[in-house]
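K.L.:
Next up is a structure, given as structure tokens.
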Amino acid sequence: MKNKLLIISLSLSLFFLNGCKKILSKKNIQHGIATFAIKYETTKEQNPIVILLPNKMNTYFQNNKTATIVEGFFGTFKMIMLSRPDINRKYTIIRVLDKKYIYETDLKGKPFASGEMQDMKITFLDTNLTYKGFRCKVAAVHCPSIQPDTFWVYYTKDISIRYANVNTPYYKIPGVLLKFKLKLLGIVMDINLDKIKNDKFDSSILEVPKQGYKYVDFMQLQQILKSLQ
């Protein structure tokens, strides 16, 4: 793994020595909507379900509250990863057809996707770059369940969200993720920021649904996710 990290560091250094355009960084964005593009490294031959999955996801954020929403299967599936540091809670909210589930825990509880990215190791690199107009740091991530098993993650502190990653396997990274990978439902996704708008949105997006949902524990959530594969 040390050799892989060395190669990554050298590659990044060469990239910046060759030059890249300097973009004026945005700072201290406190609310808005971030849109991410999703590319699937798992092919439709490996898993036919890929052709039904969305090519984007949205994260709504305000006052350190965040809701990341992914919808797919022609509207029959919806997942919301909701973080509420103001009440020390986080939620994974899932709708599959007419079935609705909520997994609730405190901010230190197991992230919903941690079961598919076990033994992940993060190495913080002394590298700075500008990505999509944001000043970023770089981390090298080693994850045996994803191939290639070592890849880069970009994150920024220019967006003011505390506890930005508590609902993801990247909870140790101190900044908002702009480029990263995620494995869910046995499918590997390469996720990259497309744009961020300072638009207002309906604040109810950041609230927990009050009716029609069944609360489940972590093991039940994993079984639900496994049943969708």
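Quick note: the coordinates plus some simple rules give every number you see, no bench work behind them. Everything numeric in this text was worked out from a predicted model, so none of it was measured. Cβ atoms come from the backbone with ideal geometry, glycine included; neighbour counts cover every protein chain shown.
K.L.:
Using the structure shown, select from Lys99/Lys197; Lys56/Lys172; Lys65/Lys110; Lys39/Lys195 the pairs with a Cα to Cα distance greater than 21 angstrom.
P.N.:
Lys99/Lys197; Lys56/Lys172
K.L.:
Separate question: Quick one: which residues, 5+ away or cross-chain, put their amide H under 5 Å from the amide H of Thr42? H built at 1.01 Å from N.
P.N.:
Amide H neighbours of Thr42, under 5 Å, 5+ apart: Val188.
K.L.:
May I pose another question? State, to one decimal in nm, how far the label point of Asn192 lies from the label point of Val208, with both points 7 Å from Cα in the Cβ direction.
P.N.:
3.7 nm
K.L.:
Neighbouring Cβ atoms within 10 Å as the yardstick, rank Lys137, Lys78 fewest first.
P.N.:
Lys78, Lys137
K.L.:
Let me ask another. What is the distance, in nm, between label points placed 7 Å from the Cα along the Cα-to-Cβ direction at Ile87 and at Ile51?
P.N.:
The two pseudo-label positions are separated by 4.2 nm.
K.L.:
Tell me the label-point distance for the pair Gln223, Thr76, using the 7 Å Cα-to-Cβ offset, in nm and rounded to one decimal.
P.N.:
Going from the Gln223 label point to the Thr76 one covers 2.2 nm.
K.L.:
Which entry in [x] 55, 40, 31; [y] 54, 36, 30; [z] 51, 36, 34 matches Cα extents along the principal axes in Å derived from the coordinates of this structure?
P.N.:
[x]
K.L.:
Sort Thr43, Thr105, Thr130, Thr59 so that the residue with the fewest other Cβ atoms within 10 Å of its own Cβ comes first and the one with the most comes last.
P.N.:
Details: Thr43 11, Thr105 19, Thr130 16, Thr59 22.
Placing the least packed residue first, the sequence is Thr43, Thr130, Thr105, Thr59.
K.L.:
Turning to a different aspect of this structure: Rank the residues Ser204, Ser114 as a footprinting-exposure proxy: fewest other Cβ atoms within 10 Å of their Cβ go first.
P.N.:
Going from least to most buried by this count: Ser204, Ser114.
K.L.:
Please work out how much length the chain gains when fully extended from Asp119 to Arg162, using 0.36 nm per residue of separation minus the C-alpha to C-alpha distance, in nm with one decimal.
P.N.:
That pair, Asp119 and Arg162, stretches by 13.0 nm at full extension.
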